[in-house]
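**Q** Submitted below is the structure of interest, expressed as structure tokens.
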Amino acid sequence: MNAGADEKPETLRLSINTKATVPVGQYSHGGKSRGMKAVAAWDHDMRSEEKLVLGGILEPVSGKSFFFGRSNKTSDFLVDGLELWWKQRKQALSHVKKLVLNMGNSPECSGRRSQFLYRMTTFADMAGLGIRLIYYPPYQGKYNSIERLLGWV
């Protein structure tokens, strides 16, 4: 599937995934500091009022990447990120008629999740693109190329 998509000039393959929610705050990064003086930091994450979810899109053939973040890991989060990416890249990708999306196997992007499918259909209609979803088997998302970006694996 991937090699066939990469050979067609009107098809673009993307690798998409999100990471686990992380607390945002004054943490010591595991107690490691590169400064001459110890960094004042919180001991525990109980004080964190804000959380961040990082999502990423990678164009494996060109190596171009796009990152987005928010505080909720949902199907809307994924498609919102895809829409942001498309707004940024659609002029350069005007020749593209179809997207092949390599997806992790997380619940928010499940092919059985009606909200995700609704949002993907809405995006496809808005962008005028055909979309094919390719899922990795459970616990095999490490083969999704976005996972290797920034050492996510």
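The values are calculated or read from the model by the stated rules, or taken from the named source; none is laboratory data. Just so we're clear, the structure is a prediction, and the values are computed from it rather than from any experiment. All Cβ positions, even for glycine, are placed from backbone atoms using ideal geometry, and neighbour counts span all protein chains on display.
**Q** How many residues are under 16 Å from the mean Cα position of the chain (by Cα) and in a helix (DSSP H, G or I) when one looks only at segment 109-122?
**A** Counting residues in segment 109-122 that are under 16 Å from the mean Cα position of the chain (by Cα) and in a helix (DSSP H, G or I) gives 4.
**Q** In segment 86-108, what residues are outside any loop (DSSP other than H, G, I, E, B) and in contact (Cβ under 8 Å) with a residue 40 or more places away in the chain?
**A** First, pick out the residues of segment 86-108 that are outside any loop (DSSP other than H, G, I, E, B): 86-89, 98-103, 107-108.
The answer is Trp86, Lys98, Leu99, Val100, Leu101, Asn102, Met103, Glu108.
**Q** Based on this model, can you work out whether Leu54 counts as among the hydrophobic types (A, V, I, L, M, F, W, C) and at pLDDT below 90? If you could, list the steps in order and put the result at the bottom.
**A** Working: among the hydrophobic types (A, V, I, L, M, F, W, C): yes; at pLDDT below 90: yes.
Here the answer is yes, as Leu54 does meet what is asked.
**Q** Applying the selection to segment 69-97, what residues are basic (Lys, Arg), surrounded by fewer than 16 Cβ atoms within 10 Å (Cβ to Cβ) and modelled with pLDDT under 90?
**A** Taking segment 69-97 first, the residues basic (Lys, Arg) are 70, 73, 87, 89-90, 97.
Narrowing the set further to residues that are surrounded by fewer than 16 Cβ atoms within 10 Å (Cβ to Cβ) leaves 87, 90, 97.
Residues satisfying the conditions do not exist here.
**Q** Follow-up. Quickly run through segment 55-85 and pick out the residues that are among the acidic types (Asp, Glu) and either touching a Leu at 6+ places or on another chain (Cβ under 7 Å) or in contact (Cβ under 8 Å) with a residue 40 or more places away in the chain (or both).
**A** Glu59, Asp76, Glu83
**Q** Same structure, new question: Where residues in segment 98-128 are small (Gly, Ala, Ser) and modelled with pLDDT of 95 or more, which of them is surrounded by the most Cβ atoms within 10 Å (Cβ to Cβ)? Give the steps one after another, and end with the answer.
**A** Residues of segment 98-128 small (Gly, Ala, Ser): 104, 106, 110-111, 114, 124, 127-128.
Still in the list and also modelled with pLDDT of 95 or more: 124, 127-128.
Working: Ala124: 14, Ala127: 17, Gly128: 9.
Of everything passing the filter in segment 98-128, Ala127 is surrounded by the most Cβ atoms within 10 Å (Cβ to Cβ).
**Q** List, please: which pairs have Cβ atoms under 8 Å, are six or more places apart or on different chains, and start with a residue in segment 123-137 that is over 21 Å from Pro9 (Cβ atoms) and end with one that is buried (at least 17 other Cβ atoms within 10 Å of the Cβ) and of a type in the set (S, T, N, Q)?
**A** If the second residue must be buried (at least 17 other Cβ atoms within 10 Å of the Cβ) and of a type in the set (S, T, N, Q), the pairs left are Tyr136/Asn102; Tyr136/Asn144.
**Q** I'd like to check something: does segment 134-149 contain any residue that is at pLDDT below 85, among the aliphatic types (A, V, I, L, M) and surrounded by 12 or more Cβ atoms within 10 Å (Cβ to Cβ)?
**A** Yes: segment 134-149 contains one or more residues that are at pLDDT below 85, among the aliphatic types (A, V, I, L, M) and surrounded by 12 or more Cβ atoms within 10 Å (Cβ to Cβ).
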